[in-house]
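All remarks here apply to the structure that follows.
The values are calculated or read from the model by the stated rules, or taken from the named source; none is laboratory data. All values derive from a computational prediction rather than experimental measurement. Because the Cβ atoms are built from the backbone with ideal geometry, glycine has one as well, and the counts that use them run over all protein chains shown.
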Amino acid sequence: MGISRMQKVMLAVHNDEKEELLERLQKKAILHIKNIRESKLSKDYPEFLAEEEITNKEVEDQLFLLERAIEYLKGFTAQEGFINAFLPQKLSISESTYEEVISSKEPLDIARQAEKLEKRVTEIDRECGALFSQKEFLLPWQKLDVEVETLGSLKVAVLVAGVLNNPPKDWMKKVKEAPLDVETVNEELRRAWILVSYLPEDEEICKKVLAEISFEAVGFEGFKDKPRDSILQIEKKLSNLEVERTSIKQQSKLLSKELNKLLILYDHLTNILTQSKVENLVLLTPKTICIEGWIRAKDYQALEDFTNQFKTASLSKISPEPGENPPVELSNKKVLKNFESITELYGSPYSKELDPSPFLAPFFVIFFALCLTDAFYGLLFAGICLLLMRKVKGDRKLLWVFFAGGIATIFVGAMTGGWFGDFGERFGLSGFMRFRNRFMLFDPMKQPLTFFILALALGFIQVAFGYFLGFVKLVRQGKILEGVAGKLAWDIFWLAILIFGFSFLIPQLQGYRVICVIAAGGSAGLVLFGSGGPSRNIFFKLAKGGFNLYQGFMGTVSDIISYSRLMALGLVTSGLAMSVNILVQLVAKLPWIGFILAPLVFIGGHLFSIAINVLGAYVHTLRLQYAEFFTKFFDGGGEAFKPFRKEAKYILVEKGG
């Protein structure tokens with residue numbers, strides 16, 4: 001339980017065996033490769049660093065081709081189910097299928113076909129866009145019974161087509177007074193499409209009049225026939241393009257049946273590219289590569305046996321550099337391992353820190369249940385989690401955490417009488433009410449103060465436990481005074497205050513009042529004089545200690561009060577469930593359709609209530625762990641242990657298949 005012990009190593013191999021070693025090392029997945037540029041070796045041997053980024057351009061090009069083809073063909077596959085839409089699943093294949101696909105040229109050929117089809121669709125879209133623009137331009141002129149190529153080409157007169165935008169109301173009068181002829185081709189609202197003709201010698205006068213009536217000449221470049229004939233030609237082209245688009249869609253749909261092959265090859269080539277890029281992280285001598293990295297101490301023998309399979313490879317243990325922290329792998333067993341997902345969302349601990357996962361586990365489950373506070377909600381949510389775990393392949397840790405929270409909610413809901421809110425009471429189910437009352441300890445809606453005290457009590461326990469873990473961490477790091485004065489003293493202080501307060505309610509504790517006062521005063525003095533850290537300036541030390549005393553007191557009080565959100569969210573769940581039940585009652589009274597709508601409202605309303613309250617329970621329970629609990633003992637910010645391994649975005653290869 002906790003954090004795996006790490007060993008730093010140096011692995012060297014001759015260039016002749018480099019590719020084979022990297023490929024097999026990637027399958028082995030036990031070595032965390034350190035970027036050599038962060039090592040002292042990079043300063044000692046700068047000439048052995050890669051001058052430019054090493055990559056595999058051919059593989060990069062193939063990956064780009066595959067990525068575009070995958071995104072294109074996905075649009076022609078069957079629609080994903082509800083679960084897959086929210087939790088995308090990897091394609092499960094056998095090793096034989098994997099080997100068959102990666103050794104074939106077919107996937108790249110399929111990708112190239114998809115690229116051509118996508119390119120042609122883009123061209124069709126562009127052509128259709130241009131044709132629609134042309135059609136839109138010609139539609140107002142379709143009554144013009146003149147071949148547009150003749151406009152402006154008359155020998156004895158000037159013939160111009162144009163548009164009037166918001167012309168003056170007397171524009172027809174002005175036109176009639178001018179030496180020009182006008183034919184109105186189309187007119188709507190405050191726009192008119194007109195054909196104007198005048199003699200060349202009247203051009204100056206006519207242009208002046210046309211400018212006064214807001215005339216804008218238009219050109220028909222690219223058109224020769226009458227507008228209506230050109231429109232018919234455009235519509236025919238559009239029809240042909242739509243036929244071609246339909247054909248491409250059918251071809252693409254047929255091609256999408258081979259999508260899985262592209263997914264397999266994509267993941268394979270991604271891992272090949274990763275192998276190539278490893279050389280950016282290592283020392284490159286003229287004949288060898290030297291890899292510096294970390295392994296789990298328990299895996300050293302396995303790596304040594306692996307190295308011995310190569311004639312030119314050598315492996316050695318090396319000491320970490322001063323101040324260097326090894327990568328961190330959380331190592332818990334069975335149920336507790338699932339709660340690593342909560343820690344990982346926050347960040348990895350440093351190697352000398354405590355792993356918070358096992359310590360937060362019981363609190364997270366209980367707090368989640370208190371926020372949800374409904375037995376039927378917990379039962380349904382646990383069932384949904386089980387269903388998802390059957391569907392999901394890969395990491396299910398967070399789902400297991402949710403499942404545990406759902407199970408705990410069943411018990412907490414029974415103790416607080418939450419069964420679809422006030423379902424039994426509101427619908428007069430006396431038998432169910434007897435069952436409910438048998439397990440119920442208190443009703444949150446009628447006894448909110450009890451719920452409030454319970455939330456604060458749990459908050460006090462977790463905060464105090466956090467201080468104790470902080471004390472343990474500092475002692476392990478050799479900072480005993482800091483641990484006692486900065487962490488343990490607060491536990492003593494608050495425990496003394498708590499016992500002192502209870503002594504006024506419990507006569508048996510009255511004899512401990514003096515001891516409590518001494519303990520509280522002594523621990524406060526310890527914080528004041530001991531938490532300021534080493535300093536020659538006594539005033540600075542006292543000032544810092546005084547600040548720590550104030551901050552610790554006020555911070556702890558506000559932290560504990562924060563746990564009142566457990567009560568607030570629990571009441572929200574009860575209130576929302578009650579609202580759904582009231583709405584069901586109202587709908588049931590509707591004539592004719594009430595008996596049909598009521599069950600639908602009941603199911604839909606409570607499913608919505610489950611969804612919104614589960615989200616609130618998860619978010620606020622996380623916040624209590626991160627903001628109130630972790631701050632007492634956990635820094636985070638360590639580097640996660642990520643061995644050089646094969647990664648998969650789309651596929652999951654079943655071993656032995």
Please find, within segment 342-355, the residue that is surrounded by the most Cβ atoms within 10 Å (Cβ to Cβ) out of those that are assigned to a loop (DSSP other than H, G, I, E, B) and within 23 Å of the chain's Cα centre (by Cα). Pro349
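So if I check each of Ser579, Ser523, Ser574, which one is in a helix (DSSP H, G or I), surrounded by fewer than 18 Cβ atoms within 10 Å (Cβ to Cβ) and among the polar types (S, T, N, Q)?
Working: Ser523 fails: surrounded by fewer than 18 Cβ atoms within 10 Å (Cβ to Cβ); Ser574 fails: surrounded by fewer than 18 Cβ atoms within 10 Å (Cβ to Cβ).
Unique residue meeting the criteria: Ser579.
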Quick one: in segment 639-657, which of the residues that are more than 21 Å from the chain's Cα centre (by Cα) and not hydrophobic (A, V, I, L, M, F, W, C) is surrounded by the most Cβ atoms within 10 Å (Cβ to Cβ)? Pro643
Scanning segment 451-468 residue by residue, those surrounded by 15 or more Cβ atoms within 10 Å (Cβ to Cβ) and more than 24 Å from Met578 (Cβ to Cβ) turn out to be Leu456, Leu458, Gly459, Phe460, Gln462, Val463, Ala464, Phe465, Gly466, Tyr467, Phe468
If we scan segment 636-645, do we find a residue that is touching a Gly at 6+ places or on another chain (Cβ under 7 Å), modelled with pLDDT under 95, basic (Lys, Arg) and over 23 Å from Trp419 (Cβ atoms)? no
Identify, from the list Ile560, Ile492, Ile506, Ile515, the residue that is without any contact (Cβ under 8 Å) to a residue 60 or more places away in the chain, of a type in the set (Val, Ile, Thr) and surrounded by 15 or more Cβ atoms within 10 Å (Cβ to Cβ). Ile492
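Yes/no matrix, rows are residues, columns are (1) buried (at least 19 other Cβ atoms within 10 Å of the Cβ); (2) farther than 30 Å from Thr307 by Cβ; (3) in contact with a helix residue (DSSP H, G or I) (Cβ under 9 Å, 6 or more places away or on another chain):
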| residue | (1), (2), (3) |
| --- | --- |
| Arg245 | no, yes, yes |
| Leu254 | no, yes, no |
| Tyr266 | yes, yes, yes |
| Leu273 | no, no, yes |
| Cys290 | no, no, yes |
Can you confirm whether Pro448 is farther than 30 Å from Leu354 by Cβ and surrounded by 20 or more Cβ atoms within 10 Å (Cβ to Cβ)? no
Looking only at segment 196-228, count how many residues are surrounded by 14 or more Cβ atoms within 10 Å (Cβ to Cβ) and basic (Lys, Arg). 3
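If you scan segment 379-421, which residues turn out to be of a type in the set (Lys, Arg), touching a residue at least 60 places away in the same chain (Cβ under 8 Å) and over 19 Å from Lys337 (Cβ atoms)? It would help to see each step written out before you state the result.
Our first condition is that a residue be of a type in the set (Lys, Arg); within segment 379-421, this holds for 390-391, 393, 396-397.
Filter once more, keeping what is touching a residue at least 60 places away in the same chain (Cβ under 8 Å): 391, 393, 397.
Lys391, the sole residue that qualifies.
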All conditions in (1) surrounded by 13 or more Cβ atoms within 10 Å (Cβ to Cβ); (2) within 30 Å of Glu71 (Cα to Cα) are true of Trp193 except (2)
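Condition first: in a helix (DSSP H, G or I), modelled with pLDDT under 95 and closer than 30 Å to Glu51 by Cβ. Can you find one or more residues in segment 279-289 that meet it? Show your work before the answer.
Taking segment 279-289 and keeping what is in a helix (DSSP H, G or I), we get 279-280.
Pick out the ones that are also modelled with pLDDT under 95 and you get 279-280.
So of that shortlist, the ones also closer than 30 Å to Glu51 by Cβ come out as 279-280.
The answer is yes; a qualifying residue exists.
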Before we move on, is Val160 of a type outside the set (D, E, K, R), surrounded by 13 or more Cβ atoms within 10 Å (Cβ to Cβ) and not in a strand (DSSP E or B)? no
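Residues are listed down the side, and each one gets a yes or a no for (1) among the hydroxyl-bearing types (Ser, Thr, Tyr); (2) within 20 Å of Lys155 (Cα to Cα); (3) within 60 Å of the chain's Cα centre (by Cα); (4) modelled with pLDDT under 90:
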residue	(1), (2), (3), (4)
Asp181	no, yes, no, yes
Glu188	no, no, yes, yes
Tyr198	yes, yes, no, yes
Glu201	no, yes, no, yes
Ile213	no, no, yes, yes
Among Arg426, Arg396, the single one that is surrounded by 14 or more Cβ atoms within 10 Å (Cβ to Cβ), more than 24 Å from Arg623 (Cα to Cα) and basic (Lys, Arg) is Arg426
Regarding segment 47-54, can at least one residue be identified that is surrounded by fewer than 17 Cβ atoms within 10 Å (Cβ to Cβ) and either under 21 Å from Asp267 (Cα atoms) or touching a Phe, Trp or Tyr at 6+ places or on another chain (Cβ under 9 Å) (or both)? yes
If I go through segment 567-598 residue by residue, how many of them are free of Cβ contacts under 8 Å to residues at least 12 places away in the same chain and over 24 Å from Thr373 (Cβ atoms)? 11
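So, of the residues in segment 188-245 that are assigned to a loop (DSSP other than H, G, I, E, B) and of a type in the set (Val, Ile, Thr), which turns out to be nearest to Glu147 (Cα to Cα)? Before you say what the answer is, go through the steps one by one.
At the first step, the residues of segment 188-245 found to be assigned to a loop (DSSP other than H, G, I, E, B) are 189-190, 199, 213-214, 218-226.
Imposing the further condition that a residue be of a type in the set (Val, Ile, Thr) reduces the set to 213, 218.
Numbers: Ile213: 26, Val218: 15 Å.
Taking the candidates together, the pick is Val218.
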